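**Student:** Provided herewith is a single structure, encoded as structure tokens, for subsequent inquiry.
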Amino acid sequence: STKRSAKHRMQLCKIQTFGVEAPCKTVEDLTSGVVMAQVLQKIDVVYFSDAWISRIKPEVGDNWRLKISNLKKILKGILDYNQEVLGQHINDFTLPDVNLIGEHSDAAELGRMLQLILGCAVNCEQKQEYIQTIMMMEESVQHVVMTAIQELMSKETPVTGGNDSYVDLDRQLKKTVEELNDALATKEEIAQRCRELDMQVAALQEEKSSLLAENQVLMERLNQSDSIEDINSPAGRRHLQLQTQLEQLQEETFRLEAAKDDYRIRCEELEKELLDVKSQNEELTSLADEAQSLKDEMDVLRHSSDKVSKLEGTVEHYKKKLEDMGLLRRQNKLMEEKHTALMQTNVGLEEELRKANAAKAQLETYKRQVVELQNRLSEESKKADKMEFEYKRLKEKVDSLQKEKDRMRSERDSLKETIEELHCVQAQEGQLTSGLFPLGSNDGSDSLAAEITTPEIREHLIRLQHENKMLKLAQEGSDNEKIALLQSLLEDANRRKSELETENRLINQRLMEEQSQVEELQKTLQEQGSKADDSSILKKKYEEHMEKLRDLNNELLKKNALIDEMEPKYNTSSEFTVKSEYVKPADIALNDSV
């Protein structure tokens with residue numbers, strides 16, 4: 001936790017370098033999302049425009065719901081910026097939980113959010129400026145920031161289907177980070193060596209100053225003591241010893257200065273070698289990438305080879321299973337055939353049972369229908385006898401009417417002859433009158449003929465006209481009654497005929513149904529010959545159906561005979577009605593002519 005908090009503080013220091021307006025000294029200052037939004041606008045003012053930043057609520061206070069809303073918008077903007085502008089897609093990186101940041105100010109989740117913002121900074125167009133800013137920081141801050149950036153970049157992958165420039169940019173960025181790490185390591189080594197040399201120079205300078213101080217003291221003593229030129233004196237010996245020691249120290253100083261110059265030259269050479277090593281490192285990096293790609297291909301091929309061997313084993317295993325499956329399929333087929341045969345047998349037995357039950361129900365129905373038909377037949381027989389009696393009575397009336405009609409027809413013929421004679425007489429009288437009065441008009445001749453006509457003839461003519469009129473009225477009344485009666489009888493006969501024909505058709509249909517059922521029962525008897533009990537029952541049903549069929553045939557014959565008996569009566573009545581209809585207009589025409 002201590003390392004994590006230190007890491008978050010260093011990332012906070014990096015955020016402070018962007019120079020935003022909002023305060024960003026503590027973790028709580030970042031949970032509102034305002035500082036992050038301003039940093040993103042500093043990174044790319046075109047994408048994170050004022051319109052986008054206006055969606056961030058600046059005054060959130062302690063309302064954690066508004067904080068979460070702002071953080072969600074910022075996280076979506078970062079992901080969209082990585083995908084749309086930078087062409088990167090973050091795969092395995094754990095995205096920060098904005099609920100924990102807004103509600104509980106979770107430092108770990110806030111660190112992930114700041115890590116995403118740093119990734120946007122080092123990948124944008126001004127990345128060199130931000131990288132240079134990172135290089136100007138303390139080494140501990142540099143290390144933490146670079147570790148966070150590397151962790152994020154390892155999770156980023158180029159968006160599929162994009163441009164090759166994104167791939168090149170990613171490769172170049174990784175190479176730059178590696179070079180930066182190498183340069184930092186070399187810089188650290190050289191700085192360490194310089195610190196060691198500075199420490200040695202400082203130690204030598206301290207030793208030199210101490211020696212100078214001691215030499216000064218000795219010189220003062222020398223001035224106070226005997227001459228130092230005398231070697232045998234203690235001062236001379238001390239002076240000689242110090243002089244020898246001074247020469248040694250001077251030689252050591254010269255040697256150290258030469259070593260310092262050598263190290264400086266060596267440092268310059270190492271810097272040159274560092275540049276060469278960087279160029280070689282770039283070449284080796286490209287070769288390493290190629291080798292890594294080849295290695296990946298080899299791994300893929302090796303994996304494919306292993307998969308092929310496994311698949312071959314699987315194929316052999318499945319072949320054995322297919323052979324076992326074929327055997328099982330054959331056994332299953334035999335079992336299915338047996339099952340099918342048993343099912344067919346079962347279905348046949350169920351069908352026979354159903355047919356037997358249906359036939360039993362139909363037999364009961366047929367029994368009831370036979371009883372009903374017998375009752376109806378008896379009623380129809382009574383009606384037929386009654387109609388036959390009525391028909392005989394009406395036939396006698398028709399015969400009497402026919403005789404009356406013949407008698408009146410003879411009277412009509414005699415009257416017609418009389419009228420013709422009268423017409424002849426009138427014609428002769430008219431000729432005589434026209435001979436006497438040739439210049440007269442027709443009206444005058446008619447009136448004269450009427451005057452010349454004898455009273456006997458006029459009286460006889462009037463009587464004949466009166467009798468003709470009375471006969472006509474009597475005949476019309478009797479004919480109308482006869483025609484109405486015959487028409488009613490004809491309608492009753494037609495209705496009875498249609499009813500009998502309908503019953504005949506129904507009986508024929510039932511007869512056909514009974515025949516089909518008899519055929520089915522015959523087939524059932526033939527198929528179930530081995531079953532004695534069922535055969536006896538079906539035979540009984542067959543005999544009952546045959547008996548019923550015979551009864552229906554007898555009833556059909558009776559109905560046909562009744563229709564045959566009614567048909568001539570119907571034809572006679574029809575002829576009489578037609579004759580009556582023709583006779584009436586003839587009589588009317590005759591009367592008009594009279």
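The values are calculated or read from the model by the stated rules, or taken from the named source; none is laboratory data. All values reported here derive from a predicted model rather than from experimental measurement. As a convention, Cβ positions derive from the backbone with ideal geometry for all residues, glycine included, and neighbour counts pool all protein chains shown.
**Student:** Quick one: count up the residues across the range 198-239 that are among the small types (Gly, Ala, Ser), in a loop (DSSP other than H, G, I, E, B) and either exposed (fewer than 13 other Cβ atoms within 10 Å of the Cβ) or at pLDDT below 65 (or both). It would help to see each step written out before you state the result.
**Tutor:** Taking the range 198-239 and keeping what is among the small types (Gly, Ala, Ser), we get 202-203, 209-210, 213, 225, 227, 233, 235-236.
Retained after the next criterion (residues that are in a loop (DSSP other than H, G, I, E, B)): 225, 227, 233.
This time we only want the ones that are either exposed (fewer than 13 other Cβ atoms within 10 Å of the Cβ) or at pLDDT below 65 (or both), so: 225, 227.
Total satisfying the criteria: 2.
**Student:** Only one of these is assigned to a helix (DSSP H, G or I), under 30 Å from GLU189 (Cβ atoms), among the aliphatic types (A, V, I, L, M) and modelled with pLDDT of 80 or more: LEU270, LEU334, LEU284. Name it.
**Tutor:** Numbers: LEU334 fails: under 30 Å from GLU189 (Cβ atoms); LEU284 fails: modelled with pLDDT of 80 or more.
Unique residue meeting the criteria: LEU270.
**Student:** Further question on the same structure: Consider SER105 carefully, then state whether it is within 18 Å of GLY33 (Cα to Cα) and touching a residue at least 60 places away in the same chain (Cβ under 8 Å).
**Tutor:** Working: within 18 Å of GLY33 (Cα to Cα): yes; touching a residue at least 60 places away in the same chain (Cβ under 8 Å): yes.
Taking the combined requirement at face value, the residue satisfies it.
**Student:** Same structure, new question: Can you tell me which residue among LEU79, LEU116 is touching a Pro at 6+ places or on another chain (Cβ under 9 Å) and either in a helix (DSSP H, G or I) or at pLDDT 85 or above (or both)? Break it down stepwise before answering.
**Tutor:** Numbers: LEU79 fails: touching a Pro at 6+ places or on another chain (Cβ under 9 Å).
None of the others qualify; the one that does is LEU116.
**Student:** Pick from ILE90, ILE74: which is closer than 24 Å to ILE149 by Cβ, in contact with a strand residue (DSSP E or B) (Cβ under 6 Å, 6 or more places away or on another chain) and of a type in the set (Val, Ile, Thr)? Can you show your working first?
**Tutor:** Numbers: ILE74 fails: in contact with a strand residue (DSSP E or B) (Cβ under 6 Å, 6 or more places away or on another chain).
Going through ILE90, ILE74 in turn, just one is closer than 24 Å to ILE149 by Cβ, in contact with a strand residue (DSSP E or B) (Cβ under 6 Å, 6 or more places away or on another chain) and of a type in the set (Val, Ile, Thr): ILE90.
**Student:** Counting only residues that are within 17 Å of GLN126 (Cα to Cα) and part of a helix (DSSP H, G or I), how many does the range 34-50 have? Even if it seems obvious, please write down each step before you answer.
**Tutor:** Of all residues in the range 34-50, those within 17 Å of GLN126 (Cα to Cα) come to 38-49.
Retained after the next criterion (residues that are part of a helix (DSSP H, G or I)): 38-43.
Here the count works out to 6.
**Student:** Name the one entry in PHE18, PHE48 that is modelled with pLDDT of 85 or more, aromatic (Phe, Trp, Tyr) and surrounded by 15 or more Cβ atoms within 10 Å (Cβ to Cβ).
**Tutor:** Working: PHE18 fails: modelled with pLDDT of 85 or more.
Among PHE18, PHE48, only PHE48 is modelled with pLDDT of 85 or more, aromatic (Phe, Trp, Tyr) and surrounded by 15 or more Cβ atoms within 10 Å (Cβ to Cβ).
**Student:** What about ASP385, is it modelled with pLDDT under 80, surrounded by fewer than 13 Cβ atoms within 10 Å (Cβ to Cβ) and either charged (D, E, K, R) or under 60 Å from the mean Cα position of the chain (by Cα) (or both)?
**Tutor:** For ASP385, the condition - modelled with pLDDT under 80, surrounded by fewer than 13 Cβ atoms within 10 Å (Cβ to Cβ) and either charged (D, E, K, R) or under 60 Å from the mean Cα position of the chain (by Cα) (or both) - is met.
**Student:** Okay, next question. How do the pairs read when you match residues in the range 399-420 that are surrounded by 10 or more Cβ atoms within 10 Å (Cβ to Cβ) and modelled with pLDDT of 85 or more with residues anywhere that are among the basic types (Lys, Arg) and in a helix (DSSP H, G or I), using Cβ under 6 Å and keeping only pairs 6 or more apart or on different chains?
**Tutor:** Within 6 Å, the pairs are LEU401/LYS482.
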